[in-house]
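Encoded as structure tokens, the structure appears first; notes follow it.
The values are calculated or read from the model by the stated rules, or taken from the named source; none is laboratory data. Only a predicted model underlies this, so the values are computations on that prediction, with no experimental measurement involved. Note: ideal-geometry Cβ built from the backbone for every residue, glycine included; neighbour counts use all protein chains shown. In case anyone asks, the SASA skips ligands and DNA or RNA and just uses the protein heavy atoms, side chains included. Shrake-Rupley method; radii C 1.70, N 1.55, O 1.52, S 1.80 Å.
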Amino acid sequence: MSAEPTDRVAGLKLEVEGAVATVTLMRRERRNAMTPSMWRGLAQVPGRLSGDVRVVVVAGDGPSFCAGIDLRMFTPEGVPGEDRGLSPSDPGFDAQLAGYQAGFRWLRDPAIVSIAAVRGHAIGAGFQLALACDLRVLADDAQLCMKEPALGLVPDLTGTKPLVDIVGLPRAVELCLTARTIDAAEAARLGLAERVVPAAELDDAVRELAKELQTADPAAARATKALLAHAHERSLDEQAVAERAAQARLLQARPADQQVQPTQAVSG
Ligand code: CAA
């Protein structure tokens, strides 16, 4: 399949090769600092993908994954071409933020597995973008930082939940309130990186992981991801019920001539 490139004005590039789509932040001269247009552009990406896409890679052009929000948004001059956005007292403020968050939330869709390919800095909104993905592959020069509280903000681009889910509440509090930078080795220890590779090997490592992720049957992969995603909200009893229901749905949806063969089932 093919996809139209996303709006380059929004600073994004979308490429599709087989079942793998790659969304690249294209503002290398600003270390891929993000603007509201980019968040809105990200929210449009899933609408441009066909059902054949199984893996979405999110990457940054140049030496940094993403240096967070474009800090000029907070200056009187602003960013050329960007509107100022609503103030918190405007009735549409909440909906505006929800629209920005939509650019991050689709990356959890069970129909795809998303991978953040992180080299260099992932700061603030950039760290949240990496957290919005299912998996993170880090170059060994990666540096992650949740900078928002240090700037007088809360992280509001959906990053707080995955951060707590992955590192636990005490560590999440420590990381956010100190706004300290985590290197790739610590990120791996904290569970924030599935793989850490030399920077020169990042693209190959992501390509390899994308390939490995496609070895599972597509429908089983989708159903398994949905099951896993809700496991932490359920008791063991509830999860057992969900597993049975998911298995029944999966098998019922499959044509009779494509059911699991006994030999496959035995060999696991
Ligand atoms: N906004 C706008 N411009 C940025 C930027 C940002 N967030 N980050 C980098 N740039 C620009 C720099 O101004 C510089 O531009 P010029 O060449 O015109 O001077 C260019 O990108 C290269 O940056 P540096 O020379 O600083 O590159 P470096 O490698 O020495 O440092 C960096 C890289 C550590 C990312 C540093 O640029 C930096 O600290 N940037 C700011 C990071 C930041 O605080 N981001 C906000 C996070 S909070 C957030 O994101 C809130 C939210 O979601 C609402």
query: Which ones in the stretch 113-152 are more than 9 Å from the ligand (Cβ to nearest atom), out of contact with any helix residue (DSSP H, G or I) (no Cβ under 8 Å at 6 or more places or on another chain) and either in contact (Cβ under 8 Å) with a residue 12 or more places away in the chain or open to solvent by less than 10 Å² (accessible area, probe 1.4 Å) (or both)?
result: Ala130
- request: Give the stretch 9-32 a look and list any residue that's within 16 Å of the ligand (Cβ to nearest atom) and open to solvent by 30 Å² or more (accessible area, probe 1.4 Å), or say none.
  value: Met26, Arg27, Arg28, Glu29, Arg30, Arg31
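Among the helices (runs of 4 or more DSSP H) contained in the stretch 153-268, which hold 1 or more residues that are touching a helix residue (DSSP H, G or I) at 6+ places or on another chain (Cβ under 6 Å)?
Output list reads 160-167, 169-178, 184-190, 218-230, 236-253.
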- prompt: Given the conditions (1) open to solvent by 30 Å² or more (accessible area, probe 1.4 Å); (2) in contact (Cβ under 8 Å) with a residue 24 or more places away in the chain, and given that Gly159 satisfies all but one, which numbered condition is not satisfied?
  reply: (1)
- line: Per the filter on the stretch 33-75, residues among the small types (Gly, Ala, Ser), over 15 Å from Leu157 (Cβ atoms) and surrounded by 18 or more Cβ atoms within 10 Å (Cβ to Cβ) are Ala59, Gly60, Ser64
Yes/no for Pro218 being farther than 20 Å from Ala117 by Cα and either touching a residue at least 24 places away in the same chain (Cβ under 8 Å) or not assigned by TED's automatic domain parsing to the domain that holds Arg108 (or both): yes
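Report whether or not Val58 is more than 11 Å from the ligand (Cβ to nearest atom) and β-branched (Val, Ile, Thr).
Criteria met by Val58.
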